[in-house]
Every structure is written in C-alpha cells, then in structure tokens.
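**Student:** Below is a structure I'd like to ask you about.
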Amino acid sequence: MKLTLYPKLAFDSIRKNRRLYVPYILTCIGMVVMYYIICFLKYFSGLETVPHGEIISEFLIMGEFVIAIFAGIFLFYTNSFLIRRRKKEFGLYNILGMGKNALTLIIFWETVIIAAISLGVGLPVGIILSKLAELCFVNILQGDVNYSLSVAPAAVLSTFEVFGIIFLLLFISSVLKTRFSTAISLVRSENVGEKPPKANWLLGILGIVLLGWAYYIAVVTENPIAAIFLFFVAVVMVIVGTYLVMISGSVLLCRILQKNKSYYYKPNHFVSLSSMVYRMKRNGAGLASICILATMVLVMISSTASLYYGNENALLRQYPREMDTYYYMNSIADLSDENIGRLREKLDGYHSEHGLVPQNVIECRQICVAGYLKDGVVETDVSLFDTSEIKIVDEGITEFIFSSLEDYNRIYGTDYSLNDGEALIFTVHGDYVGDTVSFNNGRTLKIVGSVEDYSIDVDAMVSIVPSVVLVVPDLGKAVEGLDRLATYNGDPMLSYQWVYCFDMGLEPEEQIAYGQSFWKYCYDLRTDNSDDFVSITANIRELDRSDFLTLYGGLFFLGLMLSVVFIFAAVLIIYYKQISEGYEDQSRFEIMKKVGMTDRDIRKSINSQLLTVFFLPLAFAALHLGFALPIISRLLLLFNLRNIPLFYLVAAGCFAVFALCYALVYKITSHSYYKIVIGDKEGKQ
C-alpha cells in the first residue's frame, strides 16, 4: 500500500487542482512539440535539397537553443505559481503527521506524472505535426516536397534530454521551497497580509528615462551598421524600463484613481481597485512580462514577414537586371571609349552567335576607393587605417564610388549638367551632411545636388559598409591625386570598373544556363586578352533567387515558431494572473455579496479591472513597436529591404491581429476569474 500511496496522492492532487494543472500541462506539451519540431527540421534530410540548407540549419540550431532556454525559464515561472498555490495543502499534510520526506515523494511523483504526460503526449503530437511543419517549411523555401512521415531519433533523444533536465530542476526547486518551511508558514502562505505598496518615484522616473533614451536611440539612429549594436542596447533598456514603469507606475496609477472620488466610490470600481492596489507590485511584473512577450512577437513577425513577402522587391533592388557583370581594369586609360568599345564588340559578338538580343542594357564606368570619412574630409591612404584613431572609429570607413555623369544621364534618362569640381551625391546605408567632400590625397568636390537612385552597383547595395556615390562630369579629373596612392597588400587603392548589365528574356532555367556560359566566355576572354580587363565578377538573378528564399524564408519560419512559443507563454501568464487574482479576491467578493453586491455588480467590477489594468501591456506593446519601427527599418536595409511602406503595413496588420487575439484570450480567462469569485463548485476546490 505504501508503494502506491504517494503516486495516488500525487495523481489526486493534480486531478483536484485541474484548473491550475491542465493549462500548465498543456503548456509543457506545447513546449515539447515546438522543441521537437525545431530539432526534427534541423536533422531533416530534405535540407540537402534546399539551396544553402546549411544556413537554415544554423537558424534552426539558434531556434532550438532559444526554445530550450525559454522553456526552462518559463516553466520555472509557472511552476513557482503552482507550488505557491499548493503550500497550504502541503502544510495540512505536514500537520497531520506527514514528514518532509513524504512531501518530497509526493512532489516527485507529481513531477514524474507531469513529465510523463508532457513527453508521452508531446512527442507523438510533435511527430505528427512535424510533417505539417516540414511541408510548410519546404513550401516557404520552395524546395522538393516529400509526403512520407518520418521520425528523427536524434531529435527524440534531444527532446528527452532537454526536458528531462528541466523537470529535474523543477523538482529540486519545488522541494527546496517546501522543505525549508514550517507547517504553520505553509498553511498560512495564502493568508499572509500584504502592506499596500508605495509608489517608488525614483524607480518610476528611472524607468521613464530608460524608455525615453531607448526611444530616442530607435528614432535618431540612421546608420544601419550602428543600428546593429544600438538595437540590442535599446532592447535591454526597454525591458528594464518596462518592468520599472509597470511595477512603480501601476501602483501610482491605482493611487491616483483612489484619490479620484467620483471614480473610486462606485461599486464596479471600488472593489476591484482596492484589491488591485495591494497586489500591484507583483501584478506589475506579470503585466510587464506580458508586454515584453507581446512586443517580441510583434517585432519578430513584422520584420520576418516583411522580409519574406518583400523578397522579390529586395531581389530586384539588388539585381537591376537578369545578368550583372563587372569588369575590373588596370587604370583610368582602360576605361576609355576605345577600350570599352572593343570589349563591348566582343560581347555583342557572343550574343549574336548564340541568338540572344540583350534587353534593357545598362553600362557605365565607375571608380571605387575606400576612405576614412570625418567632418567632410576623407583620408584615403590605407597605410594609415591601422592607426589607433581610425581603428577605433570603424563607423568612419566609407566606400566612395565615382560615376560618370554621361553614363548616369543615359541610364536614368536625366539631363543633369555639372561644372568641373562639382558632383551629385547618392548615399547607401547612411546620409551625408555637408556641401563639400575633400580627399586628403585628391581634390575637393562641391556637392550641388543629389540623385534619387543608383542601384547599378550590386556590391554597394548589399555591403554593410556605408557607400557614397559621386556623379562627376569627368572621372579622370575627379580622381586626380588618388591614383598616386600606394597599393595595400599588393592590391591597388583604386578599383576601375566597367559595369555591364542586361536582361536575357529567357525562362529561368535558360537564364541560368546562358548566364553561366556567358560568364565562362568572359573569364576565358580575360585570360586571353589581359589588356582588356584583369578580372570579372558576375551575378545571375535567377541563380541567386534561391539565396533570398533560403535566408528570408528561414527567418520567417523561425520567427513563426518562436512567436508561437512566446504566445503560449503570454497566454499562460494571463491565465494564471486571472486564476491567482480570482482566488485572492474570492473571499472579498463573498463579503461584498453578503452586504448586497449582485452578480451583475461583480461582472461590472471585473470589467472595470480589465479597462483599468489589463490592456496596459497591449498599449505599451503598441508604443514599443511604434518607436521600434524606425530602427528596425534601418536594420532591414542590411537585408536590402527598402520597401519600408510594406514593413509598416505588415506591422500594423500584425498588431491588429494580435490585439484581437489578446482580447479573445482575456475574454476566456476572465470567465474563469468570474467563476472563481462567484464561488462555483470547481472554484471552491
């Protein structure tokens, strides 16, 4: 009998407290399912058929780690709530003669039962849903579909290991919380009075300062490179600031409402507000957690969905034509009309020989040089780039692209005119402020205007280094002095390029085949005629399309999976918040019912609490998202997504859907709260 006593007590405890344990077990099952799916896809053999599957594998490894860490932290959070609710029961067992070792055995069997249900249900469900996830995953990446159901033994083993460790740590934590408490303290754990918390103005002001500083960073940061680091700084500041403001500010809000007699002394406000003020310190942390999770979901879904649905726009932006080739010359003389004409004649001959008429041809000459930009002055001597000043300020390194005015007017159909020493400007990944730009080893150019586009240079579009395009009337004069600079590690400082881009008007597979044969012809031409050009690079849009789908699709899928996990967490926090407050308020409402408060008044009081507090996290999440949009849009530039209106539209749509789901979740959980406080049979257990 003794062998089965403790498992039976543990099972009965879970059954009798099912209102608390069922959501917890469902969440454990959900975490197991999500973790297995991510692990399964990591070991998925079909990744070999997906272009650049190794990149996706790295994404999945990152997602696996995030889910494992988050599952551990969040299950500890929910388990601590369960133990706090169970302390009275354990105290009664202790008073009736059950020792701490016996309580430990009950906790052990509860942990074993929950772990068995979570893994026993979660793994089969994960195995079944992994096929659906695989089909969605492959469809997003446009890979080959395989409809056979498979199991990844390594993923199963990894799931057992991770959640075995999590449940072991949960068991140890639960034992420590009960073993070192007296029987009396356990019984009275729910009845310990709370002093009404005081609004800590210092912490509240600090939270507002942190949020304001983070918002300022998000709005004013223009450089995408700086945005990478500053974004994470701002995220930390927002998290800390949110907790400080929610904890201190919510207490202050309740105090202000209490002083408003016309608001406070109403039946639907009095009870809810007077009870909230006593638990607002703890409640504020829960609201802050919901706010942070909501913000994380909105940011992830908005950014990854924008990348995925805007990948075609980004692809066309990066590759203006179906075939882009760059011919690198030895000197400015090689960019002469005579030399370029001779090279163009050979390329036209190849097209004619293979029956292709190039369409939408773009050709231009440009000269590139890297320099350290500071206060409108550019240091182009690379030998100085290792000095302490330049080494520290990496942000100042900029690529300058000199482009011919004649070529630019021809390509874009403009009629700009410039005098000697003047230039038009276009910037990539940054802005240039100033009327002139001076090169220490060259000339000073006067900026007389800007151009709207210069998507010709693919390297500039995808490089994380800021680029400044200078459209000049004469390339040779513009770089006078710079051509005398020494080489660096054997490479010349200046890069002389002839850009030749065109559309082929062929089917995708034919484009790839022709593009590859054309590149091979040009490469052989370089070998046989080294006077024409010294090297060549080529990009075929259709060949690189798979790269975009792999990168953006992988990020989108991972964003979806992590968002589901975070939504699980937010829903469970909301549920337990309602349940815990329901049990705390049950006795208060029973007293109020005895003095004449009706069920309708109770419902109004609950709705008052909803309007007063519950939608604060959603409002703060909207505020965080609104200020985060500018810096996220800068980060998306690094992925060559310049369709910012699409990003803002997707963000607005995501928030609308999330807000609707948020209200629905509250409606469901508030019903559980209502059933507890009115004293239904289940709520009284």
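**Student:** With the checklist (1) of a type outside the set (D, E, K, R); (2) modelled with pLDDT under 85; (3) farther than 30 Å from Leu638 by Cβ in hand, flag the one item Tyr309 doesn't pass.
**Tutor:** (3)
**Student:** So which residues in region 550-564 are crowded, with 22+ Cβ neighbours inside 10 Å and over 14 Å from Ala133 (Cα atoms), if there are any at all?
**Tutor:** Answer for region 550-564, where residues must be crowded, with 22+ Cβ neighbours inside 10 Å and over 14 Å from Ala133 (Cα atoms): Thr550, Tyr552.
**Student:** Here's a follow-up. Residue by residue through region 424-444, note down the ones that are under 39 Å from the mean Cα position of the chain (by Cα), of a type in the set (Gly, Ala, Ser) and crowded, with 16+ Cβ neighbours inside 10 Å.
**Tutor:** Pass one, region 424-444, residues under 39 Å from the mean Cα position of the chain (by Cα): 424-437.
Imposing the further condition that a residue be of a type in the set (Gly, Ala, Ser) reduces the set to 430, 434.
If the condition is that a residue be under 39 Å from the mean Cα position of the chain (by Cα), of a type in the set (Gly, Ala, Ser) and crowded, with 16+ Cβ neighbours inside 10 Å, then Gly430 is the only one that fits.
**Student:** Within region 353-373, how many residues are assigned to a loop (DSSP other than H, G, I, E, B) and touching a residue at least 60 places away in the same chain (Cβ under 8 Å)? Please lay out each step first, then the result.
**Tutor:** At the first step, the residues of region 353-373 found to be assigned to a loop (DSSP other than H, G, I, E, B) are 354-358.
Right, trim to touching a residue at least 60 places away in the same chain (Cβ under 8 Å) and you get 354, 356-358.
Looking only at that region, the number is 4.
The values are calculated or read from the model by the stated rules, or taken from the named source; none is laboratory data. Every value quoted in this text rests on a predicted model; they were computed, and no experiment measured them. Neighbour counts are summed over all protein chains in view; Cβ atoms, including those assigned to glycine, are modelled from backbone coordinates with ideal geometry.
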